[in-house]
Amino acid sequence: MADSTPNSTSLDTLEAVAACLAAAFESGDADQVGAALHAVADSAGLAHLAAAASLPRAQLADAMRAGEMSLDATLAIMKVIDLHMPGGDPSVHGAGHA
């Protein structure tokens, strides 16, 4: 019934952005993922996500709005999401992962 995607003003921390994107990805709903990407692209938290993923902020915002992120950018974002979710275990992302 109600859209569970937060508006961009509530996405001001990396943890809030990670939670928003994780919930959208876990839903499996393409419309919810698209809405989450747009909300994050327009949020203050985008700067934190871009820095944590080592991606240029403006390019990331444009790609998220267009829904056309590269595989490298998508994987970098997914790593950040995994590391910043409650209960995330940073030790699983250590040496030996390529």
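The values are calculated or read from the model by the stated rules, or taken from the named source; none is laboratory data. The shown structure was predicted, so the numbers you read here are calculated from the model rather than taken from an experiment. As a convention, Cβ positions derive from the backbone with ideal geometry for all residues, glycine included, and neighbour counts pool all protein chains shown.
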Residues A19, A51: which one is at pLDDT 95 or above, of a type in the set (A, V, I, L, M, F, W, C) and under 13 Å from the mean Cα position of the chain (by Cα)? A51
I need the full set of residues from segment 35-44 which are of a type in the set (D, E) and buried (at least 22 other Cβ atoms within 10 Å of the Cβ), in order please. none
If we scan segment 20-34, do we find a residue that is part of a helix (DSSP H, G or I), surrounded by 14 or more Cβ atoms within 10 Å (Cβ to Cβ) and in contact (Cβ under 8 Å) with a residue 60 or more places away in the chain? yes
Would you check if there is a residue in segment 46-60 being outside any helix (DSSP H, G or I), in contact with a helix residue (DSSP H, G or I) (Cβ under 7 Å, 6 or more places away or on another chain) and surrounded by 18 or more Cβ atoms within 10 Å (Cβ to Cβ)? yes
Pairs needed: first member in segment 48-77, free of Cβ contacts under 8 Å to residues at least 24 places away in the same chain; second member anywhere, not in a helix (DSSP H, G or I) and not polar (S, T, N, Q); C-beta distance under 7 Å; at least 6 residues apart or different chains. A50/P56; A63/M69; A73/L55; A76/A53; A76/L55
